[in-house]
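Remarks on the structure that follows.
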Amino acid sequence: MTEARNLLEWHQAKEKGAAAQRELDEWRAREEELAVRRKEAELKVKQIGTPAETDIDNQIALKLAQQELWLVDKDTERFMEERFEKEFALRESKHEWDVKAAEREAVLSREALELYYRIGENIPNPVVEVKRRSCMGCFLPLSVVKMEEWHKGKTLVTCDECGRILV
Ligand SMILES: [Zn+2]
């Protein structure tokens, strides 16, 4: 595998691992939101207490608060089921991408990583493929000289237009 290809696979594995982590973080955030909602609903029911039968306003307020509590519990139940199904797979997938990223990174040269990070400071996706003689980062065609350099594949070649590493 060429270093450029390796760099791309490392980059992709790293991105996918990070995406899985973001999704896991979202699950956690949703769980916390539900817990907050439940606490608020519980508190409201408690605050209203047991209104007198003639106290219509508070009777209605109590019904609404109880309904909200019931809704939160339903939402939580649904959330837990969904999470149970998805979270495990998500963790597995994150682990696989992390392992793959670590394997790829281990065989990358320091120069390649430095170049990648330097380019990445200014533009997203610092390493892209070449398709139809064009850079898939900026979608502009490569010059003949650049194409030759890229074909030889001896060193890392960057796009003249956007500066990304070409695979
Ligand atoms: Zn480009």
Let me know the shape class of region 75-129, please: from the alpha-carbon gyration tensor, a ≥ b ≥ c as square roots of the eigenvalues, rounded when a/c is under 1.5, otherwise prolate if a/b is greater than b/c, or oblate.
prolate
Phi angles of region 61-76, converted by Karplus (6.51 cos²θ - 1.76 cosθ + 1.60, θ = phi - 60°) into ³J(HN,Hα) in whole Hz with x for Gly and Pro, give 4, 5, 4, 5, 5, 5, 5, 4, 4, 5, 5, 4, 5, 5, 4, 5
Given H placed 1.01 Å from N in the peptide plane, which residues other than close sequence neighbours of Ser134 have an amide H under 5 Å from its amide H?
Leu142
Between Thr76 and Gln21, what FRET efficiency follows from the Cβ-Cβ distance if R0 is 22 Å, with the result rounded to 0.05?
0.40
Whole-angstrom gap from region 51-90 to region 116-167, using each part's C-alpha centre
54
The chain - percent relative contact order, Cα under 8 Å, separation 6 or more:
30
For region 109-167, what does the convex hull of the Cα positions come to per residue, in cubic angstrom?
69
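Run lengths n ≥ 4 of DSSP H only: what is the helix-derived mean residue ellipticity at 222 nm for the chain, with -39500 (n - 2.57) per run over all residues, to the nearest 500? Before the final figure, lay out the partial values.
On the way: 4 runs with 117 residues, N = 167.
The helix-only estimate for the chain comes to -25000 deg cm²/dmol at 222 nm.
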In the chain, with Lys and Arg counted as +1 and Asp and Glu as -1 at Cβ, which of these residues, Ile56, Ser143, Ala41, has the Cα nearest the positive end of the dipole, that is, farthest along it?
Ser143
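Per residue, what volume in Å³ does the Cα convex hull of region 57-167 take up?
204
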With +1 assigned to the C-beta of every Lys and Arg and -1 to the C-beta of every Asp and Glu, and no other charges, what is the dipole magnitude of region 1-107 about the Cα centre in debye, to the nearest 20?
140
Once the Cα gyration tensor of region 13-75 is diagonalised, what are the square roots of 5 times its eigenvalues, in whole Å and ordered largest first, as equivalent ellipsoid semi-axes?
40, 8, 6
May I ask which residue of Gly163, Gln67, Met80 lies farthest towards the positive end of the charge dipole of the chain, with charges of +1 (Lys, Arg) and -1 (Asp, Glu) on Cβ and the Cα centre as origin?
Gly163
Under 13 Å between C-alpha atoms, the lysine pairs in region 1-105 lying 8 or more places apart or on different chains count 7
Under the 0.36 nm per residue contour assumption, what length would be gained going from the current alpha-carbon distance of Val145 and Arg5 to full extension?
48.4 nm
Once both label points are put 7 Å beyond Cα along the C-beta direction, the Lys44-Glu92 separation in nm becomes 4.0
Lys, Arg +1 and Asp, Glu -1 on Cβ, resulting dipole of region 109-167 about Cα centre, debye, nearest 20
200
HN-Hα couplings for region 88-103 via Karplus (6.51, -1.76, 1.60; θ = phi - 60°), in whole Hz with x for Gly/Pro, come out as 4, 4, 5, 5, 4, 5, 4, 4, 4, 5, 5, 5, 4, 4, 5, 4
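Note down the Stokes-Einstein diffusion coefficient of region 1-107 in µm²/s, whole number, using a Kirkwood radius over alpha carbon pairs, 37 °C, and 0.692 mPa s.
Result for D is 191 µm²/s.
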Step through the residues of region 16-31 one at a time and calculate ³J(HN,Hα) from phi using the Karplus curve (6.51 cos²θ - 1.76 cosθ + 1.60, θ = phi - 60°), rounding each to whole Hz and writing x for Gly and Pro.
5, x, 5, 5, 5, 5, 4, 5, 4, 5, 5, 4, 4, 4, 5, 4
Counting heavy atoms of the protein chains only and a 1.4 Å probe, report the per residue accessible area for the chain as a whole number of Å².
69
Surface share of carbon and sulfur [accessible, 1.4 angstrom probe, percent] for the chain
53
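The values are calculated or read from the model by the stated rules, or taken from the named source; none is laboratory data. All of these numbers come straight from a predicted model, not from anything done at the bench. Note: ideal-geometry Cβ built from the backbone for every residue, glycine included; neighbour counts use all protein chains shown. Note: accessible area is taken over every heavy atom of the protein model, side chains too, but ligands, DNA and RNA are not part of it. Shrake-Rupley method; radii C 1.70, N 1.55, O 1.52, S 1.80 Å.
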